[in-house]
Amino acid sequence: MKPTAYKPLDRAGYGYDTIQVSEQTYQVTFAGNRATPQETVEAGMMVRAAEIARQRGYERFALMERTLQERQRTQPRYFGPYPYTPRYYHRVPIYHYRPAYYDRETTYRAVATLHLFRGEPPAKAAGIYDVDEVLGEYADDVRRPGSGQDE
């Protein structure tokens, strides 16, 4: 499995999503699959925030809220074609459901509310970012589809 590419949200729920809350306020989300590290998920969210600001003609944006959600799931895995192992009771086999081992999967999702502005930044800003600096810093951390990083 490859890490999630920087692309709009797909049917599996991985990629970026943007919701416009008001004229200058947006909620940006980037969700990664189990092969996507936490740093890449956060970078995808930051790149999307910078792209939104640039598309709307702003040079800076402020993150009003920023959260990283971690989801862990335990998945049973099996050896062989049957998920049952035989146990014998008076020479009669009794089959018990028994997975061979368990896989722990962790996925990350970064969510931020950003406010686009010119001039004075908003009072409750968690961080103020320049669009060009963000794109320069995080652009190499995200995997874009068709960029040759698929190999």
For region 58-72, 3J(HN,Hα) per residue [Karplus equation, 6.51 cos²θ - 1.76 cosθ + 1.60, θ = phi - 60°, Hz, x = Gly/Pro]:
9, 9, 9, 9, 10, 8, 7, 9, 8, 9, 10, 9, 10, 10, 10
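Given a cut-off of under 8 Å on Cα pairs at least six residues apart, what relative contact order in percent is computed for region 1-81?
Numbers: 72 pairs, mean separation 16.3, N = 81.
Relative contact order, region 1-81: 20 percent.
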Sort 46-58, 20-32 by packing, meaning the average of other beta carbons within 10 Å per residue, with the highest value first.
46-58, 20-32
Two-site label geometry, residue 2 and residue 67: point separation in nm, points 7 Å out along Cα→Cβ:
3.2 nm
Using modelled backbone amide H atoms (1.01 Å from N, in-plane), which distant-in-sequence or interchain residues come within less than 5 Å of residue 7's amide H?
16
Output ³J(HN,Hα) for region 44-56: one whole-Hz value per residue in order, computed from phi by the Karplus curve 6.51 cos²θ - 1.76 cosθ + 1.60 with θ = phi - 60°, and x for Gly and Pro.
x, 5, 5, 5, 5, 4, 5, 5, 4, 4, 5, 4, 8
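How much length would be gained if the chain were fully extended between residue 59 and residue 140, taking 0.36 nm per residue of separation minus their Cα-Cα distance, in nm to one decimal?
Working: separation 81, 0.36 × 81 = 29.16 nm, distance 2.01 nm.
The span from residue 59 to residue 140 would gain 27.1 nm if fully extended.
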For residue 64, the residues 5 or more places away or on another chain with a placed amide H closer than 5 Å to its own amide H are 113, 114, 115, 126
Hey, can you grab everything whose amide H is under 5 Å from the amide H of residue 36? Only 5+ residues off in sequence or another chain; H modelled, so Pro and N-termini drop out.
4
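Just so you know, all these numbers are worked out from the coordinates, no wet-lab data involved. Just so it is clear, the model here is predicted, and its values are computed rather than measured. Using ideal geometry, Cβ is built from the backbone for each residue, glycine included, and neighbour counts are taken over all protein chains shown.
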